[in-house]
Amino acid sequence: MLSAARAGSRRERPGSKRGKPVSIQDAMRNLVRELGIAPKMAQYDVIAAWPDVVGPQIARVTEPQRMENGVLYVSVTTSTWRAELSMKRLDLIEKMNVHVGTHVLNDIRFR
């Protein structure tokens, strides 16, 4: 059992910062930035957000496969849809970048 004197004292770790509490969201954002994984997280956000950005009709006939060097590769069920989506490509890129809050998507390739 801890003595009353020890229970009330806390040891500060060297370099620890004390101050105002930070929200979990801000703490996670800082951690992602410090670890240098923000670009990968943004790429994941693009793939995860695809159905929300394109809507249910397009989401049913497409599937985002991967993202490399700012290019999202999306499989499409039919050539008709592939042609339609190719015409909407620039609009989809803009909507996606706005949705994820950063300019991470440069191009979309439909296959």
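The values are calculated or read from the model by the stated rules, or taken from the named source; none is laboratory data. Treat the numbers as computed from the prediction; the structure is a model and nothing was measured. Cβ atoms come from the backbone with ideal geometry, glycine included; neighbour counts cover every protein chain shown.
When both residues are 6+ apart or on different chains and their Cβ atoms are under 7 Å apart, which pairs have a first residue that lies in the range 93-111 and is free of Cβ contacts under 8 Å to residues at least 40 places away in the same chain, and a second that is in a loop (DSSP other than H, G, I, E, B)?
From the range 93-111, the pairs are 93/105; 97/103; 97/104; 97/105; 106/70; 107/70.
Evaluate the range 50-70: report whether one residue or more is among the aromatic types (Phe, Trp, Tyr) and within 20 Å of the chain's Cα centre (by Cα). Please lay out each step first, then the result.
Narrowing the range 50-70 to residues among the aromatic types (Phe, Trp, Tyr): 50.
Within this subset, residues satisfying the condition of being within 20 Å of the chain's Cα centre (by Cα) are 50.
Yes, that holds for at least one residue.
So that you can scan it fast, the table gives a plain yes or no per residue for (1) touching a strand residue (DSSP E or B) at 6+ places or on another chain (Cβ under 6 Å); (2) farther than 27 Å from residue 29 by Cα:
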position	(1), (2)
41	no, no
45	no, no
60	no, yes
73	yes, no
78	no, yes
97	no, no
107	yes, no
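Which numbered condition trips up residue 39, out of (1) at negative phi; (2) at pLDDT 95 or above?
(2)
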